[in-house]
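Report on one structure; see the data block that follows.
Read-outs: derived from the displayed coordinates by stated rules, not from any lab. Computed from a predicted model, the values in this text were never measured in an experiment. Backbone-built Cβ (ideal geometry, glycine too); neighbour counts: all protein chains shown.
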Amino acid sequence: MATTQRTDPETGATEVFEFFGSGRHRLAGVTHVPPGELQGGVLICPGVLQDFMKNYRTEVILGRILAARGMAVQRVQYRGTGHSDGPADIVSFTTMREDALSAAEQLESTTGKAPVAIVAARMGGLVAASCSGDLGDPLLILLEPVIDAGRYY
C-alpha cells in the first residue's frame with residue numbers, strides 16, 4: 001500500500017497518509033503518531049456532504065494537537081468520499097459505520113492503541129455513537145450531532 005509521511009518539525013509528531021481496509025474499496029486515512037510514548041488513541045469520525053469540508057481543517061488541527069500531546073489519532077474518509085475509493089452513491093449509514101470500525105482497527109494495528117475516545121461532528125456523531133459499543137465504549141465527544149438522519153437529508 002502506498003503511504004506518504006510528514007513529520008512536524010516543531011513537535012516531532014508524524015502523520016502517515018495511507019489507503020487501508022479490505023474489500024473492493026480502500027479507505028483513505030491519516031494516522032497522527034506522537035513522537036514519544038503513546039498515551040492512548042482517538043478516532044475521528046467526520047461528517048458528510050458540506051460538513052466534511054467545513055470541519056476538515058479543524059480535524060487536521062485537532063489530530064496534530066492531540067499527537068503533540070501523546071495521543072495517536074486516526075482520521076478517515078468514508079468510502080465514496082474524499083480520497084477513498086468508490087462512487088459517491090455507495091455512501092450509506094451502514095458503510096460509514098463499517099468504515100469507522102475499519103479505521104479503529106487501523107489505529108490499533110498501526111499504534112497498538114485502541115480508541116479511548118471518538119470525536120465526531122454532525123453525521124459522524126451518529127456513526128460514532130453506533131460504533132462505540134463495538135469499540136469498548138470509549139469516551140464520545142460529539143459536536144452538533146445529527147439525531148435524525150431523515151431531517152438532515
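Some observations on this one:
- All other residues whose Cβ lies under 13 angstrom from that of Gly21 are scored, Lys and Arg at +1 and Asp and Glu at -1, for a net of -2.
- Estimated D of the stretch 84-143 in µm² per second, where Rh is the Kirkwood radius over Cα pairs and Stokes-Einstein applies at 4 °C, 1.567 mPa s: 108 µm²/s
- Rough spin-label spacing in nm, given labels placed 7 Å along Cα→Cβ, for Asp89 and Leu139: 4.3 nm
- Scanning the chain for long hydrophobic helices, with DSSP H runs required to stretch 18 angstrom or more by C-alpha along their axis and to average at least -1.0 on the Kyte-Doolittle scale, returns 50-68, 93-111.
- Debye log10 I(q)/I(0) at q = 0.26 Å⁻¹ for the stretch 46-116, Cα point scatterers: -1.24
- Shape of the stretch 40-81, Cα gyration tensor, a/c cut at 1.5: oblate
- Solvent-free Debye calculation, one equal scatterer per alpha-carbon of the chain: log10 I(q)/I(0) at 0.16, 0.21 Å⁻¹ equals -0.80, -1.40.
- Percent of Cα-Cα distances greater than 18 Å, calculated over the stretch 3-74: 42 percent
- Alpha-carbon centroids, the stretch 11-49 and the stretch 116-149: separation in whole Å: 17 Å
- Protection proxy ranking for 61-73, 77-89, using the average of other Cβ atoms within 10 Å per residue and placing the highest first: 61-73, 77-89.
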